[in-house]
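Below you'll find the structure, written out as structure tokens, and then a few comments.
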Amino acid sequence: MDRILITSAIPYINGIKHLGNLVGSQLPADLYARYMRARGHEVLFLCATDEHGTPAELAADRAGKPVAEYCAEMWAIQKELADGFGLSFDKYGRSSSAQNHRLTQHLAGRLAEAGLIEEVTENQLYSGTDGRFLPDRYVEGTCPECGYERARGDQCENCTKQLDPIDLIEPRSAISGSTDLEMRETKHLYLKQRNLRQQLSDWIDSKTDWPILTTSIARKWLDDGDGLQDRGITRDLDWGVPVMRGDKPWPGMEGKVFYVWFDAPIEYIACAKEWTDGRGAEDAEWERWWRTDKGADDVRYVQFMGKDNVPFHTLSFPATIIGSGEPWKLVDYIKSFNYLNYDGGQFSTSLGRGVFMDQALDILPADYWRWWLLSHAPESSDSEFTWDNFQASVNKDLADVLGNFVSRVTKFCRSRFGGTVPSGGTPGPGEEALIARLEAGLKAYETHMEAIEIRKSAAELRALWTAGNEYLQAAAPWTAYGKDPDRAAVAVRLALNLIRIYAVISAPFIPDASARMLDALNSSDTAWPSEMGDALAVLQPGHAIEVPDMLFRKITDDERETWRAQFAGTRD
RNA sequence: GGGCCCGUAGCUCAAUUGGUUAGAGCAGAGCGCUCAUAACGCUUUGGUUGGGGGUUCGAGUCCCUCCGGGCCUACCA
């Protein structure tokens, strides 16, 4: 049995996440976690909300609430939606937790002791009306190059020219529109990543099995221009982890907080402590996952994230870990994703474009979404959600191939064998061929799942479902029933057992439907079908089964058109 | 501007890292079956691999160039 630590990129707190966010980290992470648990491995699967930073403060302002209250409410909403999608986190933590505060401050202190922190005084634009320093993106004005009036302080979206906020003509706050901006001096801490460049570079080079998307982004940051740059790790904000040097004050840094990207990945660790603290368990229990001096040596740590997160996970966070000089677990494998687009454009949280997690669950159960999203995961390039494709895939794969198989087998069993697993007969060449087919397919499925090749896994799983229909067609128990009841009995007995196997191997993708399949079979046996012959004999003759309610219904053309129209604009 | 990724059948994607005649699923066409959610099975039509040039015995794969899409470019997260 292996031990596998899995983290999903932690979703930002400022609103409900859309399906693109979901498929970019949390959902594939859940698939992997469920699969590894099903294979008997010990899994710790962690996620949390990422709560700090300017956008959280602004979102709270808009909601007219104190930021702490806003975040607490949004955490509860995101937690409920995660549960709704069946995301099987062992702990859904918060980056604002006391555990993360302490650990972030501790690691900053360690980095300072190691000489890896530098204090830098710099000038930054301050808005009197807003009462805050403005990040470059929050300054708007007229582009000096092209005259575009809504250019941002970091870049003009019209002519793509990179800008400095002071270049803008008539700069104003993007938050309030105020123009009382002034340059103010402010002091910040920088993490001296340059000092760790060679170590990080060697470490990345050693990861030859990582997706090219992951390593190419890391290499770009390591090698571009003057190479890896030092990074500011503090901000002038109210909401965040107060800058402290361990448990001591940090002179000159009063009133400042750590940069959200400094504390957010640390929450992966702190979340594990939240996990044990919440149950009154010993620290040793979480430390055996995270401390290589306390049992984490044999842990395989896998992270899931969208491509925009890669630099922070390949460089900044490892720099924090390595620089601390403490024996924290480093990531072993990073699975990164491209973006899912929505019907010809991008999903957008700020514009409210696309389908959001709450809306998705309002119109269909989680399994429909899980199946489509995972079987179309944007692994090799950006992919696109369209209602036509969604309807076609769900109807064909889930309703026709899998759902109908369960239906035809259980109903036939009910009408001809009184709803019990029939006895009699012995397997013949047809059954032997099926077993060989299933063994080969299952092996391919396992290989793909272990390599986290998600679309290939889904395709192989679907092929295994199809094999059941092929077998049934060839065995034709409805024909055999009249002249050779034993032949029919063999086929139905096998097909019923096949449903149990489908339930077990499909559970990582469609956990709710899998549970309903097992319910219908009156079975709680979730043993992985490592020996196919044995697995096809789990349900013994005489065992009573039921016909389940329709496993997956079809999406009608009317529904498709209704939803297409309903989600064509932006949410309020 | 720079860097990276992508472009394969009407649609969604493969192609053992340069090796036979580029494969699946969906959609389309035909046949079969009647247990089943108008479902299932079998057969089958679709390709100048974005354009052009080059290297090679051999290129979807490597190089150059052009076109198109996307991401990043360090103070959004």
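For segment A:438-572, the relative contact order is 17 percent, taking Cα pairs closer than 8 Å that sit 6 or more residues apart in sequence and dividing their mean separation by the residue count. Summarising the amide proton neighbourhood of A:E384: residues at separation of 5 or more, or on other chains, whose placed amide H is nearer than 5 Å comprise A:N341. Among the trypsin sites (Lys or Arg not before Pro) found in segment A:265-365, those both in a DSSP coil and sparsely packed, with 12 or fewer other Cβ atoms within 10 Å of their Cβ, are A:R279.
Computed over chain A, the per-residue total of -39500 (n - 2.57) for DSSP H runs of n ≥ 4 gives a 222 nm mean residue ellipticity of -13500 deg cm²/dmol, rounded to 500.
Mean Kyte-Doolittle hydropathy of -0.5 or higher plus an axial Cα length of 20 Å or more: which whole DSSP H helices in chain A meet both? What comes out of the filter, once short or polar helices are dropped, is A:67-84, A:260-277, A:429-450, A:454-475, A:485-506. Average projection, convex hull of the Cα set of segment A:395-520: 7.5 square nanometres. When the charge dipole of chain A is built from unit charges on Cβ atoms (+1 for Lys and Arg, -1 for Asp and Glu) and taken about the Cα centre, the candidate among A:F262, A:L22, A:L222 whose Cα reaches farthest toward its positive end is A:L22. Both the radius of gyration and Dmax for segment A:1-73 are 15.7, 50 Å, in that order, over alpha-carbon atoms. The GluC sites (Glu not before Pro) of segment A:266-353 that meet both conditions, a loop assignment by DSSP and at most 15 other Cβ atoms within 10 Å of the site Cβ, are A:E282. Remark: C-alpha extents of chain A on the principal axes read 92, 55, 42 Å, sorted largest to smallest.
Suppose a student asked you for the relative contact order of chain A, using Cα pairs under 8 Å spaced at least 6 residues apart; what percent would you report? Intermediate results must be reported in sequence, preceding the final value.
On the way: 984 pairs, mean separation 93.3, N = 572.
Normalised by residue count, the contact order of chain A is 16 percent.
Only Lys, Arg, Asp and Glu carry charge here, each on its Cβ (+1 for the first two, -1 for the last two); on that basis chain A has a dipole of about 1340 debye about its Cα centre.
Of the cross-linked pairs A:K335/A:K396; A:K207/A:K554; A:K65/A:K256; A:K91/A:K554; A:K91/A:K248; A:K79/A:K443, which ones have a Cα-Cα span greater than 32 Å in the structure shown? Check vs 32 Å cut-off fails for A:K207/A:K554; A:K91/A:K554; A:K79/A:K443.
Taking only the alpha carbons of segment A:53-114, we obtain Rg and Dmax values of 15.1, 45 Å in that order.
Could you work out the relative contact order of segment A:1-133? I mean the mean sequence separation of Cα pairs under 8 Å and 6+ apart, divided by the number of residues, in percent. Can you show the working numbers first?
On the way: 128 pairs, mean separation 35.1, N = 133.
RCO, segment A:1-133: 26 percent.
Throughout, read-outs are computed from the coordinates displayed, never taken from laboratory work. In this text the structure is predicted, and so the values were computed from the model without any measurement. Quick reminder, even Gly has a Cβ in these numbers, built from the backbone with ideal geometry, and neighbours come from all protein chains shown.
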